[in-house]
């Protein structure tokens, strides 16, 4: 279970899209954090869109990681949006007493891209990229 | 959470970070199997994630156990118990954590409070150095409860089947536990051995002391027997010589001389009595005293004794009464010893009865026994002195008679002699009112019952 291979980081225009599809152990989470920052630097992306629509659980550690990523990305002049949080996860987060500090959340990927584009004009310059499909950066999506 | 019972489903050990994910998956699975709704499944999973993370973070290792909780006839839910042998939590910190004031260095400090909010029941036991045990329960909606209750066996089986991957780890943990238990046992065994050794040593010491005590007792008895025997011989000679004087064979004595000789005679008499007491006691002690049992008529014996006692009684102006039943059967007794019994009791009665009192001897048949009583109107005996009255050297301590002469052996010997005859002796007394000693003797024809003269 070498966790770092499991989570892809996709570059869409000037946005890094991170679809989290599996339950992550702590090492994977830390590694992901590092990889996102590396990719921000390498690609000069202005936005990070983390899709947690498949994530069924956000505990205090993962919540903290999301906040941390947002804070670090902000320092690197990038905006972070978390999209697709399941209602049950949202309820749980609130009951847990966890605030995702500094993290913007929106309903789905579309809304996320729109938010990033509308508010900051990012993702527009390479708008063509959407036609050309996704640019994969980092590791390939593991089909399994 | 008192009335909650639980049925164990299984246990997952937490020893590495990847176990956190494993626990989450397993708990999620169970929550799904128990038909919790998806939101609740996520709440439970999140809560367990927090608990497991705490174990790993603070104690490095521990265990999460899952159980079906039942309360009363209807409530059914999932119970999750997290335990570790970590450093535990100070009571003050615990209060602050549970109030939500605590901020841990590493996290947001929401673990415990969050877990408490996510679950229905929350119970924590912790103390510094004693690890932490947290028990949480999430109840099912009532309409699903009974269905789950009927499937507990199935849930257990399902959990068991899934544990293969961690079987090795569990075995390892169990091995570790076993080894530590063995080590503990070994330590206890060593302690026991040490204790045993010490016990044996002190036992040996006790044995030695015991042997010495026995030797000393033996020596005492021998010494007593020897000295009394040696004392008696010269006393016999002295008493013989005195007889020469009193018999007048050495010529008439002046009144002054007669008085002196009478004094010598009296004192020699009491010395001989003392020595006899000691000798008897020593014989009784060593078990060498033999009885010469013959049929004895108490009427005759007592009237003989009366002649000895009357002068003494007269001296103190005592009334001496005999009230023997007329059809008294003969008793089986050693006459010399029986006389001694009477002399002891009567002389005590006379000794301790003030002037003008009464001493009475009575006897009557009681089935196969004759009961003899010696009653006086003397000073009596305090209740607390009664139990030890017949013990060796025991002259009642509080009696005003401390000045009275005596070895304190009289009653001891009396009781021993009565018991050698097969009888018993008892006493009733009241301070200031007088005492009654009564003893039993076997009547003739019951030799097989009473007289064990070989004791």
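The values are calculated or read from the model by the stated rules, or taken from the named source; none is laboratory data. Remember, it's a predicted structure, so these values are computed and weren't measured experimentally. In this analysis, Cβ positions are derived from the backbone assuming ideal geometry, glycine residues included, and neighbour counts consider all displayed protein chains.
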- line: Among the residues of region A:23-66, the number that are under 20 Å from residue A:88 (Cα atoms), more than 9 Å from chain B (Cβ to nearest Cβ) and out of contact with any strand residue (DSSP E or B) (no Cβ under 8 Å at 6 or more places or on another chain) is 2
statement: Subset of region A:67-90, residues more than 10 Å from chain B (Cβ to nearest Cβ) and either under 13 Å from residue B:42 (Cβ atoms) or without any contact (Cβ under 8 Å) to a residue 12 or more places away in the chain (or both), comes to A:75, A:85
query: When you scan region B:246-339 for strands (runs of 3 or more DSSP E) that lie fully inside it, which ones turn up with 1 or more residues that are more than 51 Å from the chain's Cα centre (by Cα), touching a residue at least 60 places away in the same chain (Cβ under 8 Å) and under 30 Å from residue B:356 (Cα atoms)?
result: none
- line: Within region B:22-69, the residues that are within 21 Å of residue B:132 (Cα to Cα), within 9 Å of chain A (Cβ to nearest Cβ) and out of contact with any strand residue (DSSP E or B) (no Cβ under 8 Å at 6 or more places or on another chain) are B:24, B:45, B:46, B:49, B:50, B:53
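Considering only region B:26-34, I want to know if a residue exists there that is assigned to a loop (DSSP other than H, G, I, E, B) and in contact with a helix residue (DSSP H, G or I) (Cβ under 6 Å, 6 or more places away or on another chain).
Within region B:26-34, the subset assigned to a loop (DSSP other than H, G, I, E, B) is B:34.
The next check asks that each one be in contact with a helix residue (DSSP H, G or I) (Cβ under 6 Å, 6 or more places away or on another chain); those that pass are B:34.
Yes, some residue in region B:26-34 is assigned to a loop (DSSP other than H, G, I, E, B) and in contact with a helix residue (DSSP H, G or I) (Cβ under 6 Å, 6 or more places away or on another chain).
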- prompt: Out of B:225, B:209, which single residue is within 23 Å of residue B:285 (Cβ to Cβ), touching a residue at least 60 places away in the same chain (Cβ under 8 Å), within 46 Å of the chain's Cα centre (by Cα) and assigned to a helix (DSSP H, G or I)?
  reply: B:225
query: Are any of the residues in region B:107-128 in a helix (DSSP H, G or I) and surrounded by fewer than 17 Cβ atoms within 10 Å (Cβ to Cβ)?
result: no
message: So, in region B:247-266, exactly how many residues are modelled with pLDDT under 85 and in contact with a helix residue (DSSP H, G or I) (Cβ under 8 Å, 6 or more places away or on another chain)?
response: 2
message: It is to be established whether one or more residues within region B:36-45 are outside any helix (DSSP H, G or I) and modelled with pLDDT of 85 or more.
response: yes
- prompt: What number goes with the only condition from (1) out of contact with any helix residue (DSSP H, G or I) (no Cβ under 9 Å at 6 or more places or on another chain); (2) surrounded by fewer than 19 Cβ atoms within 10 Å (Cβ to Cβ); (3) farther than 25 Å from residue B:32 by Cβ that residue A:102 does not pass?
  reply: (1)
